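Student: First the structure, then my questions, so here it is.
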Amino acid sequence: MDRLGDDIKAIKLYVAGQGAREAAAAAAKDLETTAPLVPGLFPPGSDSKALPGKSAAKPEIWDNPDDFQQLEQALTTGAADLRKTVDAGDVATIRDSMRSLAKNACGACHENYRGRKDGD
Amino acid sequence: MIATATPARDGAVLFAAAGCANCHTDRPHHGAPLAGGRALVTVFGTFFTPNISPDPDFGIGRWSDGDFIRALRRGISPAGRDYYPSFPYPAFTEMSDDDILAIKRYIFSVPAQRQPDREHELRFPYRIRAGIKVWKILYLREGTLDADPDESKEWNRGAYLVRAVVHCGECHTPRDWLGGIETARRFAGANAAVDGMKAPDITPDPRALGRWSVDDLASYLDDGLTPSGDSAGGAMAEVIRGTSALSAGDRRAIAVYMKAQTPIPPTLSHEVAKGD
């Protein structure tokens, strides 16, 4: 998940006029490649109660497999869409695409399924 | 004089920014919008939020404009009952009448829900409702927010949104044992009173928002992305759904006001810099 964050950071910097377009393009490509791997980060038994200090995943993930799968799908399609807009290079379009990914995938999943590493 | 009321009088936007549905819809159990019943687990006990849909029997469908203003400004029900300050009327009291009534008009435009309220389950002594009268004397400063003529229009608009509407300080400020806001540590973060949340320091302290620019904060309130590329979660994701409904100018005003606050070291010891 840190890798996804670093990719988003690079794209944000480009959108803000503070980063290179090449860095943003590389990050967007990495994001698109990494997104489909995210489900593999959450095998059963990897919640924050089972792995205190390491995992922030709420046990609710495994109670709502359909919902979680939809969010994974939103992440994969959102990342692919973002990569296309970064390649095209229009900053306003990239911003819109990043906002969609952030709200429909990142934020929507963290809202219900990310807790704290200390298990609270 | 009222600080800076919303020119658009847009009830739906104010309703979203004030986060009404976050507490009054039992989303964890897929409850109907504004039917209430969401459990707020606190150190004082568990509050069950009331139905604020426009149903005449179970909701607020019979409330007059005056009833609604009195509830938001003074924390008193139409029947004269005191509300617990889990309902953030100490913040809403600073809203303009126009904005309060814009929210009421919006609420009255959504479907009514026929769901009865559930009694709070509070610990002693908090379950004694008469105690709220004392609490109000100690902590409730009733009335709209005065504009500060020494500050910019943008700062004043931010102050109004942060304090009266979005009520950021209700979670991000520590409370004393009576549940009163510790005003000297406003925005310094807290083990928030609700659901075991840890609300971080949002002052410009170096360990808090010190390294965030106004643009960083304004865009975070739109898309939930931090400067490091992380994304808001939990209750803050719900808050961002509300602030993303505001205009870009309003989000910027919030950022300007927050960046102008006095830096205070974080209340929570585990906090580390988030702005890197």
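Read the figures in this text as sums done on the coordinates, not as results from a lab. These numbers come from a predicted model, not from an experiment. Ideal geometry is used to build each Cβ from the backbone, glycine not excepted, and the neighbour counts take in all protein chains shown.
Student: Report D for chain B in µm² per second (integer): Stokes-Einstein, Kirkwood Rh on Cα pairs, 37 °C, 0.692 mPa s.
Tutor: 172 µm²/s
Student: Partner chain Cβ atoms within 10 Å, averaged over the residues of A:4-13 - can you pull that number for me?
Tutor: 4
Student: Taking K and R as +1 and D and E as -1, what net charge do the other residues with C-beta under 13 Å from the C-beta of B:Ala39 add up to? Present the calculation step by step, with values, prior to reporting the outcome.
Tutor: Values: positive: B:Arg27, B:Arg38, B:Arg118; negative: B:Asp26, B:Asp117, B:Glu119, B:Glu121, B:Asp195.
Here the charged neighbours net out to -2.
Student: Then there's this: Considering just Cα atoms, how many Å³ per residue does the convex hull of the protein assembly as shown enclose? Please report the intermediate quantities before stating the final value.
Tutor: Values: hull volume 57.6 nm³, N = 396.
Spread over its residues, the Cα hull of the protein assembly as shown gives 145 Å³ apiece.
Student: Report the relative contact order of chain B, percent, no decimals, based on alpha-carbon pairs under 8 angstrom and at least 6 residues apart.
Tutor: Taking the mean separation of contacting Cα pairs over the length of chain B, I get 21 percent.
Student: Still on this structure, I have one more. Suppose only helical runs count, i.e. DSSP H with n ≥ 4. What mean residue ellipticity at 222 nm does that imply for chain B under -39500 (n - 2.57) per run, divided by all residues and rounded to the nearest 500 deg cm²/dmol? Don't skip to the answer; put the middle values down first.
Tutor: Working: 11 runs with 89 residues, N = 276.
The per-residue figure over chain B is -8500 deg cm²/dmol.
Student: What is the Cα coordinate range of the stretch A:2-113 on the first, second and third principal axes, sorted by size from largest, in whole angstrom?
Tutor: Here the spans come out as 42, 26, 21 Å, largest first.
Student: Given R₀ = 41 Å, what would the calculated FRET efficiency be for A:Ala26 paired with B:Arg74, taking r from the Cβ atoms and rounding to 0.05?
Tutor: Numbers: r = 57 Å, r/R0 = 1.39.
Between A:Ala26 and B:Arg74 the formula returns 0.10.
Student: Can you give me the long-range amide H partners of B:Phe187? Hydrogens built in the peptide plane at 1.01 Å from N, cutoff under 5 Å, separation of 5 or more residues or another chain.
Tutor: Residues meeting the amide H criterion: B:Thr173.
Student: Taking the Cα-to-Cβ direction at B:Ser109 and at A:Asn64 and moving 7 Å from each Cα, how far apart do the two end points lie in nm?
Tutor: Between B:Ser109 and A:Asn64, the label points sit 2.8 nm apart.
Student: With r as the distance between the Cβ atoms of B:Asp195 and B:Asp82 and R0 = 30 Å, compute the FRET efficiency 1/(1 + (r/R0)^6) and round to 0.05. Each step should come with its number before you reach the end.
Tutor: On the way: r = 23 Å, r/R0 = 0.77.
Once the sixth-power term is evaluated, E becomes 0.80.
Student: Count the lysine pairs in chain A that are 8 or more places apart or on different chains: how many have C-alpha atoms under 24 angstrom apart?
Tutor: So the count of such lysine pairs works out to 17.
Student: Now a separate question. Give me the one-decimal nm value for the distance between modelled label points at B:Arg123 and A:Lys49, 7 Å along each residue's Cα-to-Cβ direction.
Tutor: The two pseudo-label positions are separated by 2.2 nm.
Student: Compute the signed sum of charges (Lys and Arg +1, Asp and Glu -1) over the other residues within less than 11 Å, Cβ to Cβ, of B:Glu94.
Tutor: Working: positive: B:Arg73, B:Arg141, B:Arg163; negative: B:Asp99, B:Glu142, B:Asp146.
Value of the local net charge: 0.
Student: Please sort B:210-220, A:83-93, B:120-130, B:85-95 by packing, taking for each peptide the average over its residues of neighbouring beta carbons within 10 angstrom, highest first.
Tutor: Details: B:210-220: 19.0, A:83-93: 15.1, B:120-130: 12.8, B:85-95: 22.3.
Going from most to least packed, we get B:85-95, B:210-220, A:83-93, B:120-130.
Student: What number do you get for the stretch B:1-112 when its Cα radius of gyration is normalised by 2.2 N^0.38 Å, N = residues?
Tutor: In units of the globular-protein estimate, the stretch B:1-112 measures up at 1.03.
Student: Taking N as the number of residues in the stretch B:153-259, what is its alpha-carbon radius of gyration divided by 2.2 N^0.38 Å?
Tutor: Normalised Rg, Cα atoms only: 1.01.
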